[in-house]
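Step one of this worksheet: look at the structure below.
Since every read-out is calculated from the coordinates, none of them should be taken as a lab result. Computed from a predicted model, the values in this text were never measured in an experiment. Using ideal geometry, Cβ is built from the backbone for each residue, glycine included, and neighbour counts are taken over all protein chains shown.
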């Protein structure tokens, strides 16, 4: 969150006061720092210097066209999980040959569009998907580049909803079934086996789970090599965590150094390109959700700061019990601070953004919900017929509106009343 800082009695993003953004664009509004996004990606690029590495940005974290465009200019590849995300990459000027298509439920239509666009690789998650992809590719006269996503049964030590590498998770092909799946892939006429893939979860704050998953992949790499199935790349996924409260995730440099050291010990390690898929660690701490206090009230022993942002704007607290920092935009005297639950106006008891925060507040104050650049706007909805927020990117002293606030009329523009 280095791009967000106080100057005097005002919270700024880069060189722009958040109060000025609220006055100009209203609230709730997502505010991102261009330099924070670029700097986070540049750290990955520096950590990979001199190595054969493609760092992909996982669109599911934040799929705004301006964010995609910005990272494409910086040389990122892209990890997508739907045909819609592919359409966003193309609309933003991204290169489809630097796109890996992940996800457990690709439709035949999505496969066809991705093949015609020329994506770099499909990360296939089941034998059924493999057979469907072979058929779709054959029908249009293409060969589909594939990597099989292996579920290594490694505990990422994260929230169960964002853990993806355990045997009970829906993702990937079980480690002990992967060799048979590769044999099937090698026989299919319209499939070109390119690599092996895994992704064990999100918001991972230790290096060991990454290395444990890598070791499982390398076991399979050796077994495949013995059978004459040659691979070109190892896709190690993403999931590196960020700091929301007191977490201490490893640096990008430390993570890559540990992975490279393990790869270099492998007899064929130098021959493989490494692919990564990071999202949260690129954009998570580059954004805040700017909101205004509408009312202050007390029920029994609890104080509620009712703000104009809600669970439809930022779903993570309600969905994951997730922690986000709360920063006063124009701080008041701390001697008047009290404990407040920061809640929204949606008609759900789960509509909260923060609980038990000591804040000095008055009605009308502005708050910045911190670390909201990932899985904020990307998961937003129109529950309670609430328009989704505006989005802006700050670049030094310049402010760019990169998504307009939705007008209420647009929320039902595609709906029709019944005839009489």
Scale the Cα Rg of the range 19-144 by the rule-of-thumb value 2.2 N^0.38 Å and send over the ratio, two decimals.
1.24
Report, to the nearest 10°, how far helix 108-117 tilts away from the longest principal axis of the Cα atoms in the chain, using its own Cα long axis and a range of 0 to 90°.
80 degrees
Only helices counted: for the chain, with every DSSP H run of 4 or more residues adding -39500 (n - 2.57) and the sum spread over all residues, [θ] at 222 nm is -8000 deg cm²/dmol
Three semi-axes of the equivalent ellipsoid, the range 273-388, Cα gyration tensor, whole Å, largest first
27, 17, 12
Can you work out D for the range 261-339 in µm² s⁻¹ from Stokes-Einstein, where Rh is the Kirkwood radius over C-alpha pairs, the temperature is 37 °C and the viscosity is 0.692 mPa s?
190 µm²/s
Expressed as an acute angle from 0 to 90° and rounded to the nearest 10, what is the orientation of the C-alpha long axis of helix 252-264 relative to the principal long axis of the chain?
10 degrees
Between helix 208-226 and the chain, what is the angle of the helix's C-alpha long axis to the longest principal axis, kept within 0 to 90° and rounded to the nearest 10?
20 degrees
Using the basic label-point model (7 angstrom from Cα toward the beta carbon), what is the residue 23 to residue 258 distance in nanometres?
4.7 nm
Along principal axes, largest first, the alpha-carbon spread of the range 1-57 in whole Å comes out as 46, 23, 12
Computed over the chain: relative contact order in percent, which uses C-alpha pairs under 8 Å that are six or more apart
19 percent
Whole-number value, in Å³ per residue, for the convex hull of the alpha carbons of the range 50-118 is 87 Å³
What fraction, in whole percent, of alpha-carbon pairs in the range 115-156 exceed 15 Å separation?
46 percent
Scattering profile of the range 95-278 from the Debye formula, Cα beads only, expressed as log10 I(q)/I(0) at q = 0.08, 0.10, 0.15 Å⁻¹, is -0.25, -0.39, -0.86
How much length is gained if the chain between residue 298 and residue 271 is pulled fully straight, taking 0.36 nm per residue apart and subtracting their Cα-Cα distance, in nm to one decimal?
3.4 nm
Short to long, in 5 Å steps from zero, the percent of alpha-carbon pairs of the range 230-307 per bin is 3, 11, 15, 14, 11, 10, 9, 7, 5, 4, 4, 4, 2, 0
What percent does the relative contact order of the range 214-344 come to when contacts are Cα pairs within less than 8 Å and at least six residues apart?
23 percent
Please give the Cα centre distance for the range 1-46 versus the range 103-153, rounded to the nearest Å.
39 Å
Against the 2.2 N^0.38 Å rule of thumb, the C-alpha Rg of the range 248-293 sits at a ratio of 1.77
Gyration tensor (Cα only) of the chain to equivalent ellipsoid, semi-axes in Å sorted down, yields 41, 24, 20
